[in-house]
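The values are calculated or read from the model by the stated rules, or taken from the named source; none is laboratory data. Since the structure is predicted, the reported quantities are computational estimates derived from the model, not experimental observations. Counting neighbours? That spans all protein chains shown, and the Cβs are built from the backbone with ideal geometry, glycine included.
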Amino acid sequence: MSEKLDKLRPEHFRRLDEGDDADFYKQPRLVTHIDDPACSALNDYFRTQFPANSELLDLMSSCVSHLPWDMTYKNITGLGMNEVELNENPQLTKRVVHNLSKNPTLPFANHSFDGCMITVSVQYIIHPIKVFTEIARVLRPGAACIVSFSNRCFPTKAVAIWHHLDDQNHGKLVEYYFEKSNGFDKPETHNISPNPGQSDPLFIVQARASFL
């Protein structure tokens, strides 16, 4: 699979809808994009990975961050496409509207965060290696980046390669993003689906920022 991924071309990251993402996400969607059991599983997983008093980056954020409410974090920065959605997210302490499709450079200083999450949105990234390289830059050494995905998406905005892979290979694709960014330790993929066959599946690909 890794050899095939090395042959990825720009067309693999095109979408059915190549219109401006700002237009597509202009209408607020004040909903969760996975069902309640999957939300709970993600919440529980974050609890084990992001220590209290951390400074966290919720990348491609929306109206919910899925972080446990009974833990206190130093700050949570949400970067997303819709200002209304970000303002409706009570867990965020800072909100940044930013279009990664137009500018994959993150507007943060080096080593700003103790952790990063991309929640059920990685399928929309059209410059994944640039974005993951930027994530590594803004994370402190040893900080975790947790990418979650399910089987749902906005089909017209998901990149072409995502549509051609199953869930197992979605995980390998995200691992490839981590590896090609050259800023992370070896990534790991986990299936944390709470009720296989009954509720939404949920997968995690995780890696820690390198100390190099």
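Data overview
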| quantity | calculated |
| --- | --- |
| Long-range neighbours under 6 Å by Cβ, at least six apart or interchain, first residue in contact (Cβ under 8 Å) with a residue 40 or more places away in the chain within the stretch 194-205, second crowded, with 18+ Cβ neighbours inside 10 Å and in a loop (DSSP other than H, G, I, E, B) | ASP200/ILE34; ASP200/SER150; PRO201/SER150; PRO201/SER193; LEU202/SER150; LEU202/SER193; VAL205/PRO187 |
| Selection within the stretch 66-107 - touching a strand residue (DSSP E or B) at 6+ places or on another chain (Cβ under 9 Å), among the hydrophobic types (A, V, I, L, M, F, W, C) and either over 19 Å from ASN53 (Cβ atoms) or surrounded by fewer than 18 Cβ atoms within 10 Å (Cβ to Cβ) (or both) | LEU79, MET81, LEU86, VAL96, VAL97, LEU100, LEU106 |
| Answer residue from the stretch 167-192, given it is closer than 19 Å to ALA143 by Cβ and among the polar types (S, T, N, Q) and is modelled with the highest pLDDT among those | THR189 |
| Boolean, ARG9 is surrounded by 14 or more Cβ atoms within 10 Å (Cβ to Cβ), free of Cβ contacts under 8 Å to residues at least 40 places away in the same chain and either farther than 21 Å from ILE129 by Cα or over 18 Å from the mean Cα position of the chain (by Cα) (or both) | no |
| Per-region count, the stretch 123-145, residues in contact with a helix residue (DSSP H, G or I) (Cβ under 6 Å, 6 or more places away or on another chain) and either among the hydrophobic types (A, V, I, L, M, F, W, C) or under 14 Å from GLN206 (Cα atoms) (or both) | 7 |
| First in the stretch 45-66 and touching a residue at least 40 places away in the same chain (Cβ under 8 Å) and over 18 Å from PRO107 (Cα atoms), second anywhere and assigned to a loop (DSSP other than H, G, I, E, B) and β-branched (Val, Ile, Thr), Cβ under 6 Å, 6 or more apart | TYR45/ILE192 |
| Where a residue in the stretch 151-177 is closer than 14 Å to SER121 by Cα and its partner, wherever it lies, is buried (at least 21 other Cβ atoms within 10 Å of the Cβ) and of a type in the set (S, T, N, Q), with Cβ under 6 Å and at least six apart | CYS153/GLN123; ALA158/GLN123; TRP162/GLN123 |
| Extreme residue, modelled with the lowest pLDDT, among residues of the stretch 6-52 that are of a type in the set (Ser, Thr, Tyr) and within 21 Å of VAL174 (Cβ to Cβ) | THR32 |
